[in-house]
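Engineer: Mind looking over this structure? Questions follow.
The values are calculated or read from the model by the stated rules, or taken from the named source; none is laboratory data. The shown structure was predicted, so the numbers you read here are calculated from the model rather than taken from an experiment. Backbone-built Cβ (ideal geometry, glycine too); neighbour counts: all protein chains shown. Just so you know, the surface numbers come from the protein's heavy atoms only, side chains and all, with ligands and any DNA or RNA stripped out. Shrake-Rupley method; radii C 1.70, N 1.55, O 1.52, S 1.80 Å.
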Amino acid sequence: MPKSSTTATPTKTRKTRTRKTSTTRTAKAVAKTDKVIKEIQAVLDAPRETSKVKVTKVKSLTRPSASRLITPSRYMQDIKQRWAIHNYEIKMLFSDFSKLNSYIRGLEIRTVLGQFAK
């Protein structure tokens, strides 16, 4: 079948957009903005209260007198005591880990047995 060749002719002509007209500033608007600008400038020019910052001098480090220092034997006793405390804390840590391990294994066994019992 032969196609009819009809061209689409628009029924209406295309309208062009009209531009907005620029508005002129009125004297009233100019006076208002000038008033606002003057108020802002007055606030900016007003004197400000400044807070005084205290300046403290940092004391320089001084070497303590020799009479206050501990003796080498007391120093060694302190190191041994701290090492003993450290060893005790590590033993308690391993004890807690072993308790946690046995608890988790108990949960694992109960869950596995519970699955087979079903």
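Engineer: Before we move on, is Ser67 hydroxyl-bearing (Ser, Thr, Tyr) and either in contact with a strand residue (DSSP E or B) (Cβ under 7 Å, 6 or more places away or on another chain) or in a helix (DSSP H, G or I) (or both)? Please lay out each step first, then the result.
Structural biologist: On the way: hydroxyl-bearing (Ser, Thr, Tyr): yes; either in contact with a strand residue (DSSP E or B) (Cβ under 7 Å, 6 or more places away or on another chain) or in a helix (DSSP H, G or I) (or both): no.
Against the criterion (hydroxyl-bearing (Ser, Thr, Tyr) and either in contact with a strand residue (DSSP E or B) (Cβ under 7 Å, 6 or more places away or on another chain) or in a helix (DSSP H, G or I) (or both)), Ser67 does not qualify.
Engineer: Right, here's the next one. Being among the aliphatic types (A, V, I, L, M), modelled with pLDDT of 95 or more and open to solvent by 70 Å² or more (accessible area, probe 1.4 Å) narrows it down to one residue among Ile109, Ile79, Ile104; which is it?
Structural biologist: When all the criteria are applied, what remains is Ile79.
Engineer: Going by the structure shown, is Ile90 of a type in the set (Val, Ile, Thr) and assigned to a loop (DSSP other than H, G, I, E, B)?
Structural biologist: no
Engineer: Out of all the residues in the stretch 38-59, which are among the aliphatic types (A, V, I, L, M), open to solvent by 100 Å² or more (accessible area, probe 1.4 Å) and either touching a Ser or Thr at 6+ places or on another chain (Cβ under 6 Å) or not in a helix (DSSP H, G or I) (or both)?
Structural biologist: Val53, Val55, Val58
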